[in-house]
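Heads up, the thing below is written out as structure tokens.
The values are calculated or read from the model by the stated rules, or taken from the named source; none is laboratory data. Every value quoted in this text rests on a predicted model; they were computed, and no experiment measured them. Here the Cβ positions follow ideal geometry from the backbone for every residue, glycine too, while neighbour counts run over all protein chains shown. These accessible areas exclude ligands, DNA and RNA; they are computed on the full protein's heavy atoms, side chains included. Shrake-Rupley method; radii C 1.70, N 1.55, O 1.52, S 1.80 Å.
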Amino acid sequence: AIIARELELRLIDTICIASYHDYTSQGELKVLKGPAAEVVGDNGGKGVLVIDDLVDTGKTVKLTRDLLPNAHYATVYAKPLGRPLVDTFVTEVSQDTWIYFPWDLGFAFQPPIRERG
């Protein structure tokens with residue numbers, strides 16, 4: 001939302017893919033929600049910016065590229081295996097680095113609110 005605001009974009013969509021099922025190991029990829037038809041268009045997503053927080057092995061990007069082959073792919077963090085699959089990234093980290101995002105942490109690991117009961 002912040003990037004869309006800064007770029008004055010009015011059409012925002014999500015692609016929902018599950019790959020990490022227990023925060024420690026990557027499992028089979030599952031598309032939970034694909035892009036809207038308006039986003040794909042008749043040109044494979046040309047002019048679409050796809051943003052992800054991290055490209056790790058590249059499996060998710062490969063699947064997303066199947067859905068939007070002509071989009072521009074940008075990530076915050078890129079690991080060596082996934083780096084060649086994105087067009088733009090902010091920081092490269094080693095393949096064995098585990099990224100702890102602010103929404104996953106407190107003073108210790110914090111489960112999502114829905115799981116706190």
Practice task
Enumerate the pairs (first residue in the stretch 65-85 and closer than 21 Å to Cys16 by Cβ; second residue anywhere and outside any strand (DSSP E or B) and open to solvent by 70 Å² or more (accessible area, probe 1.4 Å)) with beta-carbon separation below 6 Å, excluding pairs fewer than 6 apart on the same chain, so at least 6 apart or on different chains.
Solution key: Asn70/Lys46; His72/Asp87; Tyr73/Asp87
Problem - Condition met for Thr91 (out of contact with any helix residue (DSSP H, G or I) (no Cβ under 8 Å at 6 or more places or on another chain), within 21 Å of Lys33 (Cα to Cα) and not in a loop (DSSP other than H, G, I, E, B)) - result: no
Problem - In the stretch 53-72, the residues that are open to solvent by 40 Å² or more (accessible area, probe 1.4 Å) and hydroxyl-bearing (Ser, Thr, Tyr) - result: Thr57
Fill in the blank from the handout: Trp103: passes all of (1) open to solvent by 60 Å² or more (accessible area, probe 1.4 Å); (2) over 24 Å from Asp13 (Cβ atoms) but (2)
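Taking the residues in the stretch 106-117 that are in a loop (DSSP other than H, G, I, E, B) and open to solvent by 70 Å² or more (accessible area, probe 1.4 Å) as candidates, determine which candidate is modelled with the lowest pLDDT.
Step one: of the stretch 106-117, the residues in a loop (DSSP other than H, G, I, E, B) are 106-108, 110-112, 116-117.
In the following step, the residues that additionally are open to solvent by 70 Å² or more (accessible area, probe 1.4 Å) were identified as 107, 116-117.
Details: Phe107: 73, Arg116: 73, Gly117: 68.
Once the filter is applied, the top-ranked residue is Gly117.
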Practice task
Give just the number: which of (1) of a type in the set (Val, Ile, Thr); (2) open to solvent by 40 Å² or more (accessible area, probe 1.4 Å); (3) at pLDDT 95 or above does Thr75 not satisfy?
Solution key: (2)
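Could you identify the single residue in Gly34, Gly27, Gly45, Gly82 that is small (Gly, Ala, Ser) and at pLDDT below 95? Full working, then the answer.
Numbers: Gly34 fails: at pLDDT below 95; Gly45 fails: at pLDDT below 95; Gly82 fails: at pLDDT below 95.
Among Gly34, Gly27, Gly45, Gly82, only Gly27 is small (Gly, Ala, Ser) and at pLDDT below 95.
I'd like to know if the stretch 90-98 contains one or more residues that are open to solvent by less than 50 Å² (accessible area, probe 1.4 Å), closer than 23 Å to Ile2 by Cβ, under 12 Å from the mean Cα position of the chain (by Cα) and modelled with pLDDT of 95 or more. First the steps, then the outcome.
Step one: list which residues in the stretch 90-98 are open to solvent by less than 50 Å² (accessible area, probe 1.4 Å), which gives 93, 97.
Add one more test, that the residue is closer than 23 Å to Ile2 by Cβ, and what stays is 93.
Next, only the ones that are under 12 Å from the mean Cα position of the chain (by Cα) stay: none.
Looking through the stretch 90-98, none of the residues is open to solvent by less than 50 Å² (accessible area, probe 1.4 Å), closer than 23 Å to Ile2 by Cβ, under 12 Å from the mean Cα position of the chain (by Cα) and modelled with pLDDT of 95 or more.
Determine if the stretch 32-52 includes at least one residue that is acidic (Asp, Glu) and either crowded, with 18+ Cβ neighbours inside 10 Å or assigned to a loop (DSSP other than H, G, I, E, B) (or both). Let's see the steps before the verdict.
Taking the stretch 32-52 and keeping what is acidic (Asp, Glu), we get 38, 42, 52.
After this cut, where a residue has to be either crowded, with 18+ Cβ neighbours inside 10 Å or assigned to a loop (DSSP other than H, G, I, E, B) (or both) as well, the list is 42, 52.
Yes, there is a match, as at least one residue in the stretch 32-52 is acidic (Asp, Glu) and either crowded, with 18+ Cβ neighbours inside 10 Å or assigned to a loop (DSSP other than H, G, I, E, B) (or both).
In the stretch 12-24, what residues are modelled with pLDDT under 90 and over 20 Å from Trp103 (Cβ atoms)?
So in the stretch 12-24, the residues modelled with pLDDT under 90 come out as 18-24.
Answer for the stretch 12-24, where residues must be modelled with pLDDT under 90 and over 20 Å from Trp103 (Cβ atoms): there is none.
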Problem - Cross-chain or 6+ apart pairs with Cβ under 6 Å, the stretch 1-20 first and over 14 Å from Val39 (Cα atoms) and assigned to a helix (DSSP H, G or I), then of a type in the set (Val, Ile, Thr) and open to solvent by 100 Å² or more (accessible area, probe 1.4 Å) - result: Ala4/Ile12
